[in-house]
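*Asks:* Here's a structure for you.
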There are 4 protein chains.
Amino acid sequence: MSAKIRVTVWGEYVHEKKHAAVAKIYPNGMHETIAEGLRESPDFEVRTATLDQPEHGLTDKVLDQTDVLTWWGHCAHGDVNDKIVDRVQTRVLQGMGLIVLHSGHYAKIFKRLLGTTCSLTWREAGEKERLWVCNPGHPITQGIDRYFEIPQEEMYGEPFAIPAPDETLFVSWFQGGEVFRSGCTWKRGNGKIFYFRPGHETYPTYHQKEVRRVIQNGARWASPEGSRWIDTCPNVPVEKAPEKIVVRGETLHVPGEAGFR
Amino acid sequence: MSAKIRVTVWGEYVHEKKHAAVAKIYPNGMHETIAEGLRESPDFEVRTATLDQPEHGLTDKVLDQTDVLTWWGHCAHGDVNDKIVDRVQTRVLQGMGLIVLHSGHYAKIFKRLLGTTCSLTWREAGEKERLWVCNPGHPITQGIDRYFEIPQEEMYGEPFAIPAPDETLFVSWFQGGEVFRSGCTWKRGNGKIFYFRPGHETYPTYHQKEVRRVIQNGARWASPEGSRWIDTCPNVPVEKAPEKIVVRGETLHVPGEAGFR
Amino acid sequence: MSAKIRVTVWGEYVHEKKHAAVAKIYPNGMHETIAEGLRESPDFEVRTATLDQPEHGLTDKVLDQTDVLTWWGHCAHGDVNDKIVDRVQTRVLQGMGLIVLHSGHYAKIFKRLLGTTCSLTWREAGEKERLWVCNPGHPITQGIDRYFEIPQEEMYGEPFAIPAPDETLFVSWFQGGEVFRSGCTWKRGNGKIFYFRPGHETYPTYHQKEVRRVIQNGARWASPEGSRWIDTCPNVPVEKAPEKIVVRGETLHVPGEAGFR
Amino acid sequence: MSAKIRVTVWGEYVHEKKHAAVAKIYPNGMHETIAEGLRESPDFEVRTATLDQPEHGLTDKVLDQTDVLTWWGHCAHGDVNDKIVDRVQTRVLQGMGLIVLHSGHYAKIFKRLLGTTCSLTWREAGEKERLWVCNPGHPITQGIDRYFEIPQEEMYGEPFAIPAPDETLFVSWFQGGEVFRSGCTWKRGNGKIFYFRPGHETYPTYHQKEVRRVIQNGARWASPEGSRWIDTCPNVPVEKAPEKIVVRGETLHVPGEAGFR
């Protein structure tokens, strides 16, 4: 890991090119605004990557230089190449942090790592969202008071079909009457995963100070610790067993052969 | 749920047709021996299904009548159709129990639900395995003393690359010096998942009394409770919000439209 | 376990004798109203116990006949004898279910089992509470629609200082703008624990149909499975080790002696 | 937090003064040897504290200057003052790291934070222990190969009566045939807790390189992140509710009064 935390901000970058309502708020793409928020802190070295780039901008070389990946996608989840999803999953299991934003709840990489449908209920009415802090001492909630409000947001409501989070850090209150677990963490392999709800494409959410602060906190929290574990499912030859044993019974494997997958 | 717990025993059924060493121990296939063990208890109504059947024997109709599915696969994990994996995953999330056996740690359905590599270290030497009970009061360990032994087994060793289990029920001691978390449970959606390590194809493990007892216990424990949740990610129209709100701001969706996936 | 689930409803029974505002709503004590709600189902055999009884009504004999204990306390948490707390804790670890209600978040037994402060924020304004279901398929949420409302309740707000729940089943929306994880489950030893938020003493909450239904569901879910594990920390004499070993090195213990606690 | 991680090594320091067999190996007390192991790394500023000191050496002032506390106790668990246990618990919940060693599984502070009996089986025979790494990428296992061995140790065996760990990092294989979850982590409040099994008083375990390395790693991992959350259970006055509400119904509290505990 370099002295700075190297963050790659991935954006689907489709709405911004098609819809004036989005382009008006995010003229350079939502990913550039999210990146701008991270660049406000000296702790990060930030690059962006988008769906339309070769390998969606997530080449092995880029991932070699990525400590934390943030993910925003919505209408083009299905266009993300499964081989790139495999690659990102491998990196997360080896320790790369992953921050999944808003509609990324349906991204292939999020569903792949969590194993559930990750569905929810939703409504687009530009209503007020109030996010409550569930653990004021956690690194991800630093700099946030007891709660903060987003004036206009899409509603996401329970049930949120996720495996039980390691920690629930934010729960949202919506003006229309719903609630949602808006900040959740999990560990998979050695990778830390943070889901953060806000960020509908037709509202200026990623320009808001508190949202930027939480994403910065999340990137610090999710940065790798320990070491990469290259996971190989090795055969242990009989003569290398810690205790001396003699082979008994039959086998279908030739000595030294790789296992079935 | 019927009065009896309806178990479908899925077997890859490849080794048994190719290798005399396996056929000798499991003349009707490993799945039939596993099924025989379950049929020793009056609590179950047991059927089997195999890879070579249409839809691998896991049609919607069969799954409609399945409370718990057991899974043994090894050399042909890659031949399992992804559409069937999707279907089984959906059922597990809706509440069907799943018992994954031995080399099923690398089955698509297991990796799909857990999100990690599920790798381990291994050695085929027919060594002694001693399985220790970590929770003597748990339904899955009933009828088992402080430990039981399997005279000849394949070794599986740590690290076992799984998400932290909800409970670890068995830990194995191997003669050659390794250890392994051999009985682990997770909940995904409403489905209970039990991984149970023993069962190498060249040893008579599924004929052993204690192994059969644990699988019976597992099938009782994993049987559905509550109800099936058909998960649809519904839009909540503005006029159905619990609290009265008025739409503000722009949207890219037409009212009533389904969300992006 | 008998054919019926044997529930003991524990009530502090202090407010009801002191405050007309409470006595008016719960003339026979809150515990009797909670018990009445459970008796609406044929699944339960229900008794009550209160602080003012010898051993707070929780004698060994009573606990021998208790599958699930429900707990409501508020102003007299400090008067609960630590020896009785020890006894209830032992039973929970051995498999007795425990349902902790409302202000029981500060009961000694709850803090003892969870190990954290269990604090929260609060306001008494008789405001509306709307409880959202986070898992519609779970046994505890059966018979409840997407949400239900309580017309007047005390507000409890995040942060709720608990260890991460095994599952979060309800999240509350409060009229005054707060949220709370109102239905949470944990397993400690072999005991299932369910915390359910509603039930302030000055409102008729335990007369409400949906609240009664959730408590019934909770008592079914929390009833023991498996067997009681009498936990003794046994010494394993050298001659009873599964593998033959010879003693090496020194010891401070006399053979057969009990360990230090 | 200072630039260095401030570790306080707590030792019961009773055996060393009474038993020549222990004094021979740990002439200045086990705590001094544990402290010596930590001082091998420049990352730490280390002090020690013992049972026989005023307030067991754990005054508010000492704890103010402690990022991580390590705990070794055995024959005098019962002599630890409950008020000091309360104080340490509060600090852990506020973010101080805690490393519990060996027979500390029965320390009041460990049982207090975990809520279970923390019992196990045991045998003193000076047998070989082999500790396997369950997650080679975790900060706590850095510098350790696939496993390491301790030539002579007390056996601790399953069942280990703990709540499910957040992660299991080491599992031990014992020569006599048992297994044990020897390295486990939990988070309670904002405090990280690491239990590490080795360290019987009659063997030179804390002089061993790998054991020292794991304790160093553990102290780095457990050091506080985020901020201290001073947990007060505040009342939120009606006029400070985020949404405007009017009080309805009765209350037993006088406005501004503290809640019951």
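*Asks:* Using a ≥ b ≥ c from the Cα gyration tensor of segment B:1-75 (square roots of the eigenvalues), is it rounded, prolate or oblate, where a/c under 1.5 gives rounded and otherwise the larger of a/b and b/c decides, a/b for prolate?
*Replies:* Oblate, because a/c is 1.5 or more while a/b does not exceed b/c.
*Asks:* Which lysines have a Cα lying under 20 Å from the Cα of D:K111, excluding residues fewer than 8 positions away in the same chain?
*Replies:* Here the lysines satisfying the reach criterion relative to D:K111 are C:K83, C:K108, C:K111, C:K187, C:K192, D:K83, D:K187, D:K192.
*Asks:* Partner chain Cβ atoms within 10 Å, averaged over the residues of D:161-172 - can you pull that number for me? Could you put the intermediate results ahead of the total?
*Replies:* Numbers: counts 11, 3, 10, 11, 3, 6, 4, 7, 2, 2, 12, 3.
Other-chain Cβ atoms within 10 Å of each residue's Cβ, averaged: 6.
*Asks:* Treating the beta-carbon of each Lys and Arg as +1 and of each Asp and Glu as -1, no other charges, what is the dipole magnitude of segment A:145-256 about its Cα centre, to the nearest 20 debye? Provide the component values of the computation, followed by the final result.
*Replies:* Values: 14 positive and 15 negative charges, 95 e Å.
It comes to approximately 460 debye.
*Asks:* If you don't mind, another one. Assuming R0 = 41 Å, what is the FRET efficiency of D:R228 and B:K4, from their Cβ-Cβ distance, to the nearest 0.05? Kindly include the intermediate steps, with their values, before the conclusion.
*Replies:* Working: r = 56 Å, r/R0 = 1.36.
In this case the efficiency is close to 0.15.
*Asks:* Hey, another quick one. How far is B:P42 from itself in the other copies, in nm, if each label sits 7 Å out from Cα along the Cα-Cβ line, shortest first?
*Replies:* Spacings between copies for this position, smallest first, are 2.3, 7.4, 7.7 nm.
*Asks:* Still on this model: Which of rounded, prolate, oblate describes the protein assembly as shown, given a ≥ b ≥ c as roots of the alpha-carbon gyration tensor eigenvalues and a/c under 1.5 marking rounded, otherwise prolate only if a/b is larger than b/c? Intermediate results must be reported in sequence, preceding the final value.
*Replies:* On the way: a/c = 1.28, a/b = 1.12, b/c = 1.14.
It comes out rounded by the Cα gyration axes.
*Asks:* Any idea which of C:C118, C:G191, C:P159 is furthest toward the positive side of the dipole for segment C:5-222, if Lys and Arg beta-carbons carry +1 and Asp and Glu beta-carbons -1?
*Replies:* The residue sitting most towards the positive pole is C:G191.
*Asks:* When only Cα pairs under 8 Å and 6 or more residues apart are kept, what is the percent relative contact order across segment D:5-222?
*Replies:* Details: 472 pairs, mean separation 48.6, N = 218.
Relative contact order here is 22 percent.
*Asks:* Rounded to the nearest 20 debye, what is the charge dipole size of chain A about its Cα centre when +1 sits on each Lys and Arg Cβ and -1 on each Asp and Glu Cβ? Don't skip to the end; give the middle numbers.
*Replies:* Details: 32 positive and 34 negative charges, 67 e Å.
So the dipole magnitude of chain A works out to roughly 320 debye.
*Asks:* So, one more: Taking the mean number of other Cβ atoms within 10 Å as a proxy for protection, how do you rank C:80-91, C:96-107, B:67-78 from highest to lowest?
*Replies:* Numbers: C:80-91: 17.2, C:96-107: 25.2, B:67-78: 21.8.
Ranked from most to least packed, the peptides come out as C:96-107, B:67-78, C:80-91.
*Asks:* What are the label-to-label distances in nm, one decimal and shortest first, from B:E55 to the same spot in the other copies, with labels 7 Å along Cα to Cβ?
*Replies:* Shortest to longest, the spacings are 4.0, 5.8, 7.0 nm.
*Asks:* HN-Hα J couplings of segment B:121-127 from phi, Karplus 6.51/-1.76/1.60, θ = phi - 60°, integer Hz, Gly and Pro as x?
*Replies:* 3J(HN,Hα) across segment B:121-127, in whole Hz: 9, 7, 7, 9, 9, x, 7.
*Asks:* Could you tell me which residue in chain A puts its beta carbon nearest the axis mapping A onto D, with the distance rounded to whole Å?
*Replies:* A:D166, 3
*Asks:* Ok, one more. Name the long-range amide H neighbours of A:A125: under 5 Å, sequence gap of 5 or more, or other chain; modelled H, no Pro or chain starts.
*Replies:* Sorted by chain and number, the residues that satisfy this are A:M155.
*Asks:* Under the rule of at least 5 residues apart or a separate chain, name every residue whose amide H is placed under 5 Å from the amide H of D:R188.
*Replies:* D:I193
*Asks:* Run through the DSSP bridge list for chain C and note the antiparallel percent, rounded to the nearest 5. Walk me through the numbers before you get to the answer.
*Replies:* Values: 25 of 45 bridges.
Of the beta bridges lying entirely in chain C, close to 55 percent run antiparallel.
*Asks:* Quantify how strongly other chains surround peptide A:26-34 by giving the mean number of their Cβ atoms within 10 Å of each of its Cβ atoms.
*Replies:* Working: counts 0, 0, 0, 0, 0, 0, 0, 0, 0.
Per residue, the number of nearby Cβ atoms from other chains is 0 on average.
*Asks:* Which of the lysines could a cross-linker span from C:K24 if the Cα-Cα distance has to be under 20 Å and same-chain partners fewer than 8 positions apart are dropped?
*Replies:* Filter leaves C:K209.
*Asks:* Let me ask you something else. Can you find, among D:T141, D:L131, D:T48, the residue farthest towards the positive end of the dipole of segment D:5-222? Put +1 on the C-beta of Lys and Arg, -1 on that of Asp and Glu.
*Replies:* D:T141
*Asks:* Which cross-chain or sequence-distant (5 or more) residues have an amide H under 5 Å from the amide H of D:R6, H modelled 1.01 Å from N in plane?
*Replies:* D:E45, D:D67, D:V68
*Asks:* Using a label point 7 angstrom from Cα along Cα-to-C-beta, what distances in nm, from shortest up, separate B:V247 from the other copies?
*Replies:* Nearest first, the other copies' label points are 4.2, 7.1, 8.2 nm away.
*Asks:* Would you mind classifying segment A:5-222 by shape? Square roots of the alpha carbon gyration tensor eigenvalues, ordered a ≥ b ≥ c; an a/c under 1.5 is rounded, otherwise it is prolate if a/b is larger than b/c and oblate if not. All intermediate terms of the calculation are to be shown ahead of the outcome.
*Replies:* Numbers: a/c = 1.33, a/b = 1.19, b/c = 1.12.
It comes out rounded by the Cα gyration axes.
*Asks:* Another one. If you place +1 on the Cβ of every Lys and Arg, -1 on the Cβ of every Asp and Glu, and leave all else neutral, what size is the dipole of the protein assembly as shown about its Cα centre, to the nearest 20 Debye?
*Replies:* On the way: 128 positive and 136 negative charges, 0 e Å.
So the magnitude is around 0 debye.
FYI, it's all coordinate maths here, none of it is from the lab. Predicted model, so just to flag it, every value in this text is computed and none were measured. Here the Cβ is made from the backbone with ideal geometry for all residues, glycine too, and neighbour counts use every protein chain on show.
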